[in-house]
Amino acid sequence: MRQHTALVIGGGIGGLTAALALDRRGWSVTVLERAAALEPVGAGIGLAPNAQRALDTLGAGDGIRALAPAQTAAELRLPGGRRLARMDQAAAVRRYGGPVVVAHRAEVVALLAGRLPEGAVRNAAAATLADPGDARPDGRPARVRIHGAAGVEELTADLVVAADGIHSAVRRALFPGHPEPRYAGFTAWRLIAPAPDRPFAAHETWGPGGVWGTQPLHDGRVYAYATAAVPPGGRAPDGERAELLRRFGSWHHPIPDLLAAVDPAAVLRNDVYTAAAAPPAFHRGRVALLGDAVHPMTPNLGQGGCQAIEDAVVLAHLAAPDAGLAAALTAYTRQRLPRTMDVVRRAERIGRLTTWRSRPACALRAALMAVPARLAPDLALRTMDGIADWRPPTDTYASGTQATPNAAQPKEHE
């Protein structure tokens, strides 16, 4: 029997997870990555219990959890240091089965890529979709063109997974009239810095129009991120570290120490975009869209990468090589579109709160965070109900709560 082929466009965390999941299901998989090497753009990533459970189905969950730093809690603070809330890891274990694992993206990419067959990843392979194909039985295959140093090469495949990011060319080709992602109202910085001399608690700090987060990594370094409500497209003329010092340099420990220690060239800045509207479907023909390519979201719930991992595992579960692909892709849209768009909107609502600037608005926001946390210490965790307690389709896991949105039946997109 002929082995069915799958091409994955994009070698990020979502694309690599899809490749690994499809490989485990019996597909012959090739990842087409535009960059010359799998050097992930970014700094850190948080993988919540829902993503860890998805990776458990691929045998990669324990490897992710081994990257977790030793910590017992995370705090929500104000710029002067006042603590608004404390989120205990033991409570996260009780409610969701485990805490969020914060790791360097490069380590996650290496872990996933290392589990793929040798030669499964093709670097310096800029891919474009030539034809989405027809997923009906005996329908034409999908066609992908690779633009490389040797010229243009055309490949055919039974399945194409588009994990080509927020500005996905494949999404535009499949749904040319669909609105592009829109600016969420703030920009984001990320960095990895040496740990400060004085101890600190993992925290997220909310100030007027901006947020700073600090998370320890297992190797002794620190992952930090920040956001600010500014117009899109801006860049600091004297460098992004200087911009961070202006905005956050007077905030509480360890923020000034981290900014003093970080290499200015290591500070990354990206404007934040979110989905403007739900797409007609997550598939067309033999092509499935995945992750930021189809449901870009703000980072305020830490779910961008997690939802891409969920996408990958669900897609592979449905798309058995010997099953009907059209029905499998329709089921993929039916299962993933309502869930991911719900997460998009929930993250967007929190993102809007971070842009509040006025003193009265910030005081109200602080009270809304602090008072419930004092009355019910686990209340802050409830924002993740229906998200972090998700379970993958192939295994059963303990779950505190679960939300299953009602999905309208999508049309076939052949």
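Things to note:
- Conditions (1) at pLDDT 95 or above; (2) within 16 Å of the chain's Cα centre (by Cα): number failed by P40: (1)
- Filtered by the rule that a residue be among the aromatic types (F, W, Y) and either part of a helix (DSSP H, G or I) or at positive phi (or both), segment 332-360 gives a lone residue, Y332.
- If you go through segment 262-278 and keep only what is in contact with a Pro (Cβ under 9 Å, 6 or more places away or on another chain) and among the charged types (D, E, K, R), you end up with just D271.
- Answer residue from segment 1-57, given it is touching a Pro at 6+ places or on another chain (Cβ under 6 Å) and within 17 Å of A319 (Cβ to Cβ) and is surrounded by the most Cβ atoms within 10 Å (Cβ to Cβ) among those: A54
- Residue ID - modelled with the highest pLDDT, chosen from residues in segment 175-206 that are touching a Gly at 6+ places or on another chain (Cβ under 6 Å) and surrounded by fewer than 20 Cβ atoms within 10 Å (Cβ to Cβ): E204
- Pairing residues of segment 247-274 that are part of a loop (DSSP other than H, G, I, E, B) with residues that are among the small types (G, A, S) and modelled with pLDDT of 95 or more, at Cβ distances under 6 Å and at least 6 apart in sequence or on separate chains, gives H252/G81; V262/A193.
- Within segment 223-234, being touching a Lys or Arg at 6+ places or on another chain (Cβ under 7 Å) and either surrounded by fewer than 16 Cβ atoms within 10 Å (Cβ to Cβ) or free of Cβ contacts under 8 Å to residues at least 12 places away in the same chain (or both) holds for no residue.
- Which numbered condition G220 misses (of (1) surrounded by 17 or more Cβ atoms within 10 Å (Cβ to Cβ); (2) within 24 Å of the chain's Cα centre (by Cα)): (1)
- Scan of segment 76-99 for residues that are over 30 Å from R246 (Cα atoms) and part of a loop (DSSP other than H, G, I, E, B), ordered by number: G97, G98, P99
- Leading residue by the ranking (modelled with the lowest pLDDT) among those in segment 326-372 that are among the aliphatic types (A, V, I, L, M) and within 15 Å of V211 (Cβ to Cβ): M369
- Output for segment 121-175, where each listed residue is in a loop (DSSP other than H, G, I, E, B) and either more than 17 Å from R286 (Cα to Cα) or aliphatic (A, V, I, L, M) (or both): N123, A124, A125, A135, A149, A150, A163, G165, I166, H167
- In this structure, V108 does not qualify as touching a strand residue (DSSP E or B) at 6+ places or on another chain (Cβ under 7 Å), farther than 30 Å from A68 by Cβ and crowded, with 16+ Cβ neighbours inside 10 Å.
- Residue match in segment 121-136 (condition: more than 13 Å from I9 (Cα to Cα), without any contact (Cβ under 8 Å) to a residue 12 or more places away in the chain and hydrophobic (A, V, I, L, M, F, W, C)): no
- Screening H203 on (1) in a strand (DSSP E or B); (2) within 25 Å of G302 (Cβ to Cβ); (3) in contact with a Pro (Cβ under 6 Å, 6 or more places away or on another chain) shows it passes everything except condition (3).
The values are calculated or read from the model by the stated rules, or taken from the named source; none is laboratory data. Keep in mind the model is a prediction, meaning the values are calculated, not measured. Quick reminder, even Gly has a Cβ in these numbers, built from the backbone with ideal geometry, and neighbours come from all protein chains shown.
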